[in-house]
Amino acid sequence: MPAAPFTDVSAPNPLRAKPKEIKSLQAARGIAVLLVVICHSAELLGEDPRLWHRTPIYLWFRGGALGVQMFFVISGLVIFQAHREDFDRPGKARAFCWRRFRRIYPLYWIFLSMTLWKHRAVTDPYASYPNIRSIIVSSYLLIHLGSYHTIMAQAWTLFDEIQFYLVFAVCILNRRVGLAVLGVWLAASFLFLAHPSPFWLVEFSPYHLLFGLGILASLALESEKRIPAGLIFWLGVVVFAGALVVAGWFGRGVLVGLTAGVGAACILLGAALLERRSRLTIPRWLVLLGDASYSIYLIHLMAISAVARFAYAHWRHLPVPIGGWMLLFILLGVGVGIVTHYVVERPLLRALGKKSIAV
């Protein structure tokens, strides 16, 4: 159908805004990382037998680990939306890889090196796996080399991110080949689901399907169809919240994680549509939390673990209720991450030529 006579066909579609212009995506990052910090704080209080070992606290909050599944969906949505127009443009591949490299590796290498130094300082170099050369090399490359172990506990997600980026880079080099590789990569998540080897279960994780969910959410976001945004959003909230409860008290199985991913995709799609229709206002503090989410994710566990050990050693002389310690760990993990974001991450990205951190 031809365009209307007075329609400006060059005007941008408001539903095809750049990811950094969609504040709800940054807010979702902030919520996701806050859930992860809450989970790890509860883990220190409730699961570690060397500390307080208040198991019910961990059961109440361990579902927060599903914030990672939300991160995967966000990544699929953001990367596809930001770079889908680069498909079949090989000249864009180098710029894409460089942007992904400077966004992930430099800051990660700083904390990885600190973690490795800490392990070497406090453990027997022949008894601790962080000292095995292949694991050290794979941890720096973020590519598994014959082992599924990582030096930084929370860095396991970055291995999956790098796989997704590499597959996406193939799409930029050649659309047809790249989409075929993407399809095979996602299908492998099913094929290796029952594989007895932990290495292959990690290498072809079923959670890779969450990147695909993010891509589907991006396609829906860019479509011209009238999608019931409010219904989709609240349906996602119910599904994701239900997964949080189930994960806490019954276990974080693959099915629960994938269900959480479906809920996250609905939340992201609904929130973005509501925002574009001026029916949702995003608080500035949530956007800030999203901006700082990578720094928070990398450093929070190191910070709260050190404080938890000190606090437990002096617990009898520090009459703070257990809930107070929980709140302190959460605030500390978030606060240290925000400071790191402004003091380390932003200057580092500026030095590497990146003005925005949203993508």
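The values are calculated or read from the model by the stated rules, or taken from the named source; none is laboratory data. Because the structure is a prediction, the values reported are computed rather than measured. Neighbour counts run over all protein chains shown; Cβ positions are idealised from the backbone, glycine included.
Find the residue count for the stretch 180-204, including only residues that are surrounded by 14 or more Cβ atoms within 10 Å (Cβ to Cβ) and in contact with a helix residue (DSSP H, G or I) (Cβ under 6 Å, 6 or more places away or on another chain). I'd like the intermediate steps shown before the answer.
Applying the first criterion (surrounded by 14 or more Cβ atoms within 10 Å (Cβ to Cβ)) to the stretch 180-204 yields 181-182, 185-186, 188-189, 192, 199-204.
This time we only want the ones that are in contact with a helix residue (DSSP H, G or I) (Cβ under 6 Å, 6 or more places away or on another chain), so: 181-182, 185-186, 189, 192, 204.
Number satisfying all stated conditions: 7.
Of a type outside the set (S, T, Y), buried (at least 16 other Cβ atoms within 10 Å of the Cβ) and at pLDDT 95 or above: is that true of I299 in this structure?
yes
Note on the stretch 314-333: among residues that are free of Cβ contacts under 8 Å to residues at least 24 places away in the same chain and more than 19 Å from R50 (Cβ to Cβ), the one that is nearest to the chain's Cα centre (by Cα) is L331.
When each of A260, A272, A247 is tested for being farther than 24 Å from W60 by Cα and part of a helix (DSSP H, G or I), the lone residue that passes is A272.
If you take the residues in the stretch 31-63 that are of a type in the set (G, A, S) and buried (at least 24 other Cβ atoms within 10 Å of the Cβ), which one is nearest to P283 (Cα to Cα)? Please lay out each step first, then the result.
Step one: filter the stretch 31-63 for residues of a type in the set (G, A, S), giving 32, 41-42, 46, 63.
This time we only want the ones that are buried (at least 24 other Cβ atoms within 10 Å of the Cβ), so: 32, 41-42, 63.
Details: A32: 15, S41: 25, A42: 26, G63: 24 Å.
Among residues in the stretch 31-63 that are of a type in the set (G, A, S) and buried (at least 24 other Cβ atoms within 10 Å of the Cβ), the one nearest to P283 (Cα to Cα) is A32.
Could we say that P319 is of a type outside the set (A, V, I, L, M), surrounded by fewer than 18 Cβ atoms within 10 Å (Cβ to Cβ) and not in a helix (DSSP H, G or I) here? Answer is yes for this residue.
Does A308 count as without any contact (Cβ under 8 Å) to a residue 24 or more places away in the chain and farther than 21 Å from Q26 by Cβ? Against the criterion (without any contact (Cβ under 8 Å) to a residue 24 or more places away in the chain and farther than 21 Å from Q26 by Cβ), A308 does not qualify.
Is at least one residue of the stretch 205-215 among the hydroxyl-bearing types (S, T, Y), in a helix (DSSP H, G or I) and free of Cβ contacts under 8 Å to residues at least 40 places away in the same chain? Within the stretch 205-215, not a single residue is among the hydroxyl-bearing types (S, T, Y), in a helix (DSSP H, G or I) and free of Cβ contacts under 8 Å to residues at least 40 places away in the same chain. When L186 is tested against (1) closer than 13 Å to V167 by Cα; (2) of a type in the set (A, V, I, L, M); (3) modelled with pLDDT under 90, just one condition goes unmet, and that condition is (3).
In the stretch 208-223 there is no residue that is over 25 Å from A82 (Cβ atoms) and more than 17 Å from the chain's Cα centre (by Cα). Applying the set (1) at pLDDT 95 or above; (2) under 28 Å from I38 (Cα atoms) to Y129 leaves exactly one unmet item: (1).
Please determine, by comparing only the residues of the stretch 142-167 that are more than 21 Å from C39 (Cα to Cα) and among the small types (G, A, S), which one is surrounded by the fewest Cβ atoms within 10 Å (Cβ to Cβ). It comes out as G146.
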